[in-house]
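Heads up, the thing below is written out as structure tokens.
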Amino acid sequence: MNKPKDWPEETRAIQATQLAFDLSSDIQRAFRVASAMQDLNTSAMVRKVLQLPYRKKRIRPRLTVTLHDDDFVQLAERYGLPASDRAAIRQCVADELSAFASRFLTDPDADTSVK
Amino acid sequence: MSLVTDGSARSSAFADAGPRDEPLEKELTVDTQSLILSLGDATHAGRTFNVMPVTGDDPVLQIVVSGAEETPVYLTITDTQILCLVYLFEQNEIRPSALADLHESMLRISVPMPLSALGKVDNHYVVYGALSPTSSLTEVMQELVTLADNAIDLLQTFEDFLE
């Protein structure tokens, strides 16, 4: 195959767009993290950085998970419990989430994947 | 996130954009500064534009079209074209077994898709449109709206091919 024609200026423009996309993604991620750490929504966080008025009302902390029949089966297998013992499964779920929070708050880089 | 521009000044290239466009005026070349000013204050088919310049050596604008906020358009201008680009997904998001079917589907969709085509930049699959650098503001806005809407349709169309 012959070497395809290259267009240096167009290639440079595409690379600039790629850099812009990566930078925008990084900025958005930083604002999501910063707003979560400060219990603000992202738009309030943006206004705070720009030193504009923003609503200081904190986001009501909520942590809910809806478990379906399939989820109970999967969790029961992992916890070594009968799928019908939903109370015990819920207790294990609560313990696991609590353990995650403890690990995360002391070491945000900790491996949180399921072993 | 968007940068709100006051729109108090109009670019010379777009000063009289609209029904009175004349051939001589269309020879004026678009630049990113004029687009920031013009788009921040413009409406096209009921859609508005939030424009944010992205820091870098080469000027790139991130443009969010109202009603298509999840698919921001990245725009850059060279001597030969205005390139508008939306990033769809990365290669590692595609189910390996679906890769060939996805490519076939992309090639087939690309031709009838209005004003846009599909491509790949590094590991990113993109949908893009290119215009002449002497395009009018109306043409640029039509491109932006169509591209952002196309991107949403494509993400839905290709959903089954992704992890």
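Please treat every number below as a calculation from the coordinates, not as lab data. What you see is a predicted model; the values in this text were computed from it and never measured. Neighbour counts are summed over all protein chains in view; Cβ atoms, including those assigned to glycine, are modelled from backbone coordinates with ideal geometry.
Distance between the 7 Å Cα→Cβ label points at A:Asn41 and B:Glu93: 2.4 nm.
Fully extending the segment from A:Leu97 to A:Arg12 would add 25.9 nm, taking 0.36 nm per residue of separation and subtracting the current Cα-Cα distance.
Give the calculated FRET efficiency between A:Val65 and B:Thr55 to the nearest 0.05, with a Förster radius of 51 Å applied to their Cβ-Cβ distance. Can you show the working numbers first?
Numbers: r = 39 Å, r/R0 = 0.77.
Calculated value: 0.85.
Cβ crowding within 10 Å ranks A:Leu81, A:Leu63, B:Leu107 as A:Leu63, B:Leu107, A:Leu81, fewest other Cβ atoms first. Once the C-beta distance of A:Leu23 and A:Arg78 is scaled by a Förster radius of 30 Å, the resulting FRET efficiency is 0.15 to the nearest 0.05. Taking other C-beta atoms within 10 Å as the exposure proxy, B:Cys84, A:Cys92 rank A:Cys92, B:Cys84 from fewest upward. Taking each residue of A:5-17 in turn, how many C-beta atoms of other protein chains fall within 10 Å of its C-beta, and what is the average? So the per-residue partner count for this stretch is 6.
Cut-off is 10 Å between beta-carbons; in what order do B:Ser116, A:Ser35, A:Ser102, B:Ser97 appear when sorted fewest neighbours first? Write down the numbers at each step before the final one.
Working: B:Ser116 25, A:Ser35 18, A:Ser102 11, B:Ser97 8.
Sorted ascending by nearby Cβ count, the order is B:Ser97, A:Ser102, A:Ser35, B:Ser116.
Please report the net charge: other residues with Cβ closer than 14 Å to the Cβ of B:Val65, K and R +1, D and E -1. Could you put the intermediate results ahead of the total?
Values: positive: B:Arg47; negative: B:Glu69, B:Glu70, B:Glu143, B:Asp149, B:Asp153.
Spelling it out: positives minus negatives among the neighbours equals -4.
Which net charge results when you count Lys and Arg as +1 and Asp and Glu as -1 among the other residues whose beta-carbon is under 12 Å from that of B:Val54? Before the final figure, lay out the partial values.
On the way: positive: none; negative: A:Asp22, A:Asp26, B:Asp57, B:Asp58.
Net of charged neighbours comes to -4.
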